[in-house]
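S.K.: Dropping a structure here in structure tokens format, bear with me for questions.
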Amino acid sequence: MVTIDTFKRGLNKGLTTTWELSKVVVPVYVAVTFLSFTPLLNKIAEFCAPFMEYVGLPGEASLAIVVGNAINIYAALGVITSLHLNAREITIIAMMLLMSHTIFVESAVAGKCGINPWFIGLGRFAIGIAAGFILNIILIS
């Protein structure tokens, strides 16, 4: 049974979580939107486009992959929402980030647990690329 107290706690926790996530997503969204009006984002996209073609993503999506791997998945969401991606591309990038998000932090944690961090980090990144490559083939546009 949901009581008034339970409802208040849930509402408070929901608003707190929204605020915490907004502190990451909104600045990244604004920064990427700003970059889209400068030549820098186009240069990054042009450089990465040949590599991203293998996973069925535009060059700009490389920024979301880098941010998701370096910072966290919420920052990647800020980048993704500022790009004009279709459902197929969002599915591919989401799967890639699912496999390899926050790679540096999680590799360091694995290292503290006695696992080779290079093996974990490179393995997760390779699995993310493989997932993108396979979904690119499976999800016919």
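The values are calculated or read from the model by the stated rules, or taken from the named source; none is laboratory data. What you see is a predicted model, and the numbers here were worked out from it, not measured in a lab. Cβ atoms come from the backbone with ideal geometry, glycine included; neighbour counts cover every protein chain shown.
S.K.: Return the pair list, or none, for Cβ contacts closer than 9 Å from residues in the range 70-89 that are closer than 24 Å to Arg124 by Cα to residues that are of a type in the set (Val, Ile, Thr) and surrounded by fewer than 17 Cβ atoms within 10 Å (Cβ to Cβ), at least 6 apart or on different chains.
M.R.: Here the result reads Asn72/Val105; Ala76/Val66; Gly78/Val26; Gly78/Val30; Val79/Val66; Ile80/Ile90; Arg88/Ile140, each pair linking the range 70-89 to a residue that is of a type in the set (Val, Ile, Thr) and surrounded by fewer than 17 Cβ atoms within 10 Å (Cβ to Cβ).
S.K.: Right, here's the next one. Does at least one position in the range 63-76 carry a residue that is assigned to a helix (DSSP H, G or I) and touching a Gly at 6+ places or on another chain (Cβ under 6 Å)?
M.R.: yes
S.K.: List the number of the failed condition for Ala108; all other conditions in (1) of a type in the set (Gly, Ala, Ser); (2) closer than 13 Å to Val55 by Cα; (3) at pLDDT below 95; (4) in a helix (DSSP H, G or I) hold.
M.R.: Status for Ala108: all satisfied but (2).
S.K.: Applying the selection to the range 83-99, what residues are crowded, with 22+ Cβ neighbours inside 10 Å and either within 27 Å of Asn116 (Cα to Cα) or touching a Ser or Thr at 6+ places or on another chain (Cβ under 6 Å) (or both)?
M.R.: The answer is Ile93, Met96, Leu97.
S.K.: Then there's this: Pairs, please: C-beta under 6 Å, at least 6 apart or cross-chain, first residue under 17 Å from Ala70 (Cβ atoms) and in the range 104-116, second β-branched (Val, Ile, Thr)?
M.R.: Close Cβ pairs satisfying both conditions: Ser107/Ile120; Ala110/Ile120.
S.K.: Within the range 57-72, how many residues are of a type in the set (Val, Ile, Thr), farther than 15 Å from Leu41 by Cβ and crowded, with 20+ Cβ neighbours inside 10 Å?
M.R.: The total comes to 0.
S.K.: From the residues in the range 100-141 that are β-branched (Val, Ile, Thr) and over 19 Å from the mean Cα position of the chain (by Cα), which one is surrounded by the fewest Cβ atoms within 10 Å (Cβ to Cβ)?
M.R.: Looking at the filtered set, the residue picked out is Ile140.
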